[in-house]
Amino acid sequence: MALMSAADALAAVLEGTQPLAEETATLSAAYHRVLARDLAARRTQPPADMSAMDGYAVRAADAATIPARLTVIGEAAAGRPWDRPLAAGQAVRIFTGGVIPPGADAIVIQEDTARDGDTVIVNEAAQPGRHIRRAGIDFREGDVLLPAGRRLSDRNLSLAASMNYPELPVRRRPRVAVLATGDELLMPGSTPGPGQIILSNGFALRALAESEGADTIDLGIAADTIDSTTAAIRAARDSAADILISTGGASVGDHDLMNRALEAEGVAMAFWKIALRPGKPMMHGRLGAMRVIGLPGNPVSSYVCAFLFMVPLIRAMSGRSDVHHPIEHAILAKDLGANDQRQDYLRARLDVRDDGVTQATPVSHQDSSLLANLSVAQGLVIRPPFAPAAPAGSPCSFIRLPN
């Protein structure tokens, strides 16, 4: 039977995904949350014409010929406007952020003036509109400035605050349960015995999920028994997880029980092998509303598959507008041989040459167990199935890994 392509597998993982329910978050708690609705400004910014500099508000015609002597009739500071109109030959001392007084149409900066009691001497000709921030130059009430699906950055929060929102409509965070399987696994800090290894996958997977805005549940390590594995699956369901991520037990060996355990618990499996390297033994199914992704046990395969499939699923559930990883382009820094029927994602270093072109250098050893190579990689070079040999200097496509 032909293996499912990586593109079809991703489509199956995302099929029917709807954004999670809307909830409200205060501005202080909204960083990296995803907007559930378009956000329109509740006010105009600035709300009135304001001075961009410290100096004097004048009628430009009164200071067109220099030096000009004007009578200072008052002061306008931020939050304390001067509301009487200027007559001919008058000026108002003004500070940055002060509202432009009625009748004034220019600002003369402080450095271009001299003060003599109630008189200001203008030494630089005034120009209409100079140093004035017009009302609404930033935005106007009703302008939609933050669209639904936007993951809120620090700058977005500043904008939302200026738009006069104390709290924001956001999507609920996806709940991702992470389960490791295998009798051979021990927690970091342990002393491995013969055939035992230290668990690493779960830490990367939870960190990756959390970096995408999910809440995570650590289900620990399940032993290589049907009872232990099914108990962990039930724990994920009982914890109201939206996504169950398992790592290990997805292959075809006698001790790889995840597929059997999932089917025993009623998971409808969509696939359990894909034409992908690293990551051929990957599974996907659903248990009610809970999505299940069974990742390989090899740490590189586990991480790459989580990055390619779990991350878009979390983004789709979060209601994000940028669900898919952007594809970027580079040139190869080394020769690559022809590919077989599986789509390759080669760990690679990325460098920008002096001419601005990005250069991708696949690491020397692409074995799916080598974490040191994964840790120094900055991107995944994509090699389609049956791609011909590509010499150094050939164009290539890549996905950038998280910083």
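Overview of results
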{"quantity": "Antiparallel %, DSSP beta bridges [both residues in the range 231-333], to 5", "calculated": "60 percent"}
{"quantity": "Mean-position separation - Cα centroids, the range 128-162 and the range 54-95, in angstrom", "calculated": "29 Å"}
{"quantity": "Sequence ranges 308-314, 92-98, ranked by mean other-Cβ count within 10 angstrom, highest first", "calculated": "308-314, 92-98"}
{"quantity": "Other-chain or far-sequence residues with amide H under 5 Å of Leu39's (modelled H)", "calculated": "Leu145, Leu146, Ala148"}
{"quantity": "Burial order of peptide ranges 61-74, 355-368 (average beta-carbon count within 10 Å, highest first)", "calculated": "61-74, 355-368"}
{"quantity": "Efficiency of FRET from Cβ geometry, Glu263 and Ser394, R₀ 56 Å, rounded to 0.05", "calculated": "0.80"}
{"quantity": "Expected 222 nm ellipticity per residue - DSSP helices of 4 or more, -39500 (n - 2.57), all of the chain, to 500", "calculated": "-4500 deg cm²/dmol"}
{"quantity": "Farthest positive-ward along the chain dipole, Cα basis, beta-carbon charges - from Ile245, Leu168, Gly89", "calculated": "Gly89"}
{"quantity": "Signed unit charges on C-beta, dipole axis of the range 116-268, positive-most listed residue Gly149, Val120, Gln196", "calculated": "Val120"}
{"quantity": "Peptides 15-26, 280-291, 154-165, 375-386 ordered by average Cβ neighbours within 10 Å, highest first", "calculated": "280-291, 375-386, 154-165, 15-26"}
{"quantity": "Between 0 and 90°, nearest 10: helix 226-238 axis offset from the chain longest Cα axis", "calculated": "20 degrees"}
{"quantity": "For the range 261-403, size of Cβ-based charge dipole, Lys and Arg +1, Asp and Glu -1, in debye", "calculated": "260 debye"}
{"quantity": "Between helix 201-211 and the chain: long-axis angle, C-alpha atoms, 0 to 90°, nearest 10", "calculated": "30 degrees"}
{"quantity": "Cα-centre dipole for the range 1-105 with unit charges at Cβ (Lys and Arg positive, Asp and Glu negative), debye to 20", "calculated": "560 debye"}
{"quantity": "Cα centroid separation - the range 310-327 against the range 359-396, whole Å", "calculated": "23 Å"}
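Since every read-out is calculated from the coordinates, none of them should be taken as a lab result. Everything quoted here is computed from the prediction, not taken from an experiment. Every residue, glycine as well, gets a Cβ built from its backbone with ideal geometry; the counts of neighbours run over all protein chains shown.
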